[in-house]
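The values are calculated or read from the model by the stated rules, or taken from the named source; none is laboratory data. The structure presented is a predicted model; accordingly, all values stated were derived computationally and were not measured. Don't worry about glycine lacking a Cβ; one is built from the backbone with ideal geometry, like all the others, and counts go over all protein chains shown.
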Amino acid sequence: MAMKHYPAEFKADAVALYRSRPGATIKSVAADLGVNTETLRNWIRAADGRRTGGHTAPRPAAPVAAEGMEAELVALRRRVRELEEERDILQKAAKYFAGATHW
């Protein structure tokens, strides 16, 4: 069987969709998207490596103190960007699945 090649945007959207569904399993999201479970698992691992600069250990949270207010602001802005990206991906997914249903 030939290997399928997926665009980078599709991979990123699939990972974001998995992360946006807290109760979902990799298997269920992969089935929804029509991709192999291990393929999605590899995309998630690769995305985790990029987010942590190639290391698998999570970054420690910035300390919250009077001197750390700027660091907290940067972290909050980063989180807002992540949430906006997740929202956009969910909107795209909703449009895709709405168009895929033929009732």
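Give just the number: which of (1) surrounded by 11 or more Cβ atoms within 10 Å (Cβ to Cβ); (2) at pLDDT below 85; (3) among the small types (Gly, Ala, Ser) does Gly53 not satisfy?
(1)
Assess whether Ala24 counts as being surrounded by 12 or more Cβ atoms within 10 Å (Cβ to Cβ), at pLDDT 75 or above, assigned to a helix (DSSP H, G or I) and among the small types (Gly, Ala, Ser).
no
Of a type in the set (A, V, I, L, M), surrounded by 12 or more Cβ atoms within 10 Å (Cβ to Cβ), at pLDDT below 85 and assigned to a helix (DSSP H, G or I): which single residue out of Ala12, Ala62, Ala71, Ala31 fits that description?
Ala71
Going by what's in this entry, would Arg77 be described as basic (Lys, Arg), at pLDDT 70 or above and either within 18 Å of Ala8 (Cβ to Cβ) or out of contact with any helix residue (DSSP H, G or I) (no Cβ under 6 Å at 6 or more places or on another chain) (or both)?
Yes: the conditions hold for Arg77.
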